[in-house]
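*Asks:* Pasting in a structure now, in structure tokens, and then I'll have a few things to ask.
Rule-based calculations on the coordinates, nothing more; no lab input. What you are looking at is a predicted structure, and each value in this text was computed from that prediction instead of being measured.
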């Protein structure tokens, strides 16, 4: 009898056997490029929507609480304050305009996902953009969850000691929940083909757990007292963009690996259903 451990080993083996190792860096780099173009506009649109849901003052207070728990180096506090201020000051027209570059991220993700799925796809760019707009409808509520937790988590990070440990635990679970739900939406609306709901939930939350831990590591990375501009002759903008692009590239490596695992899990479920149906007949 095949046990759950045996099935897990078989799935892991199939993911490793079918994973396009030689091209993964290329497609992760492509997704990273589209992410650099689209993630900031997506964040602006999400913060703008949250501001209309709960009010600009509440968003600002929550963001300040979050900033209070983050390392102060590398211009992170000022960047987040500027992002929030611009988002809350946008008009309806500006909010609609930023959705266009935000949608380009969906195109980049769908093109990358297509290389890790056993499906054919047409109108890839347009479908990816439209799918990302669907995710953008969910994003403000996920951002709202993170901002709601900020007044609790931020002071715990700032206090250090055991408070920091509790802050990390709470932050991990908040980020895990929100990132996992975002990944479920990406795998459902942006990825090509049609994955089963069960596989999407397993893949989304499984990948989300890894990315949540990865993002906690990014906070630690911000605390390292090394100037990002040092390898570039002291140019701060070049150093900041390069460092953030590197972390975004690593994040997309994890994302693509998680998506490929989701595809393999979905195929395994399909084979199980076919086997059960054949035995019934």
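*Asks:* Looking only at 87, 268, 79, which one moves most when the chain is put into a Gaussian network model with springs between Cα atoms under 10 Å?
*Replies:* It is 79.
*Asks:* Given axes a ≥ b ≥ c from the Cα gyration tensor, I'd like to know whether the stretch 143-258 is rounded (a/c under 1.5), prolate (a/b larger than b/c) or oblate.
*Replies:* Numbers: a/c = 2.65, a/b = 1.28, b/c = 2.07.
Oblate is the answer for the stretch 143-258, as a/c is 1.5 or above yet b/c matches or exceeds a/b.
*Asks:* Just one of [x] 0.94; [y] 1.00; [z] 0.97 is Rg/Rh (Cα atoms, Kirkwood Rh) calculated from these coordinates, so which is it?
*Replies:* Matching entry in [x] 0.94; [y] 1.00; [z] 0.97: [y].
*Asks:* With angles folded into 0 to 90 degrees, how steeply does helix 4-18 sit against the dominant principal axis of the chain? Use alpha carbons for both and round to 10.
*Replies:* Helix 4-18 sits roughly 80 degrees off the main axis of the chain.
*Asks:* Pick out which of 174, 97, 59 has the largest mean-square fluctuation in a Gaussian network model of the chain, springs linking Cα atoms closer than 10 Å.
*Replies:* Its mean-square fluctuation being the largest, the pick is 97.
*Asks:* Please check: in the Gaussian network model of the chain (C-alpha springs, under 10 Å), which one of 198, 129, 271 has the largest mean-square fluctuation.
*Replies:* 271
*Asks:* On C-alpha positions alone, give me the angle between the axis of helix 21-54 and the longest principal axis of the chain, in degrees, nearest 10.
*Replies:* Helix 21-54 sits roughly 50 degrees off the main axis of the chain.
*Asks:* If you don't mind, another one. Any idea what angle helix 197-223 forms with the longest principal axis of the chain, computed on alpha-carbon atoms, 0 to 90 degrees, nearest 10?
*Replies:* 30
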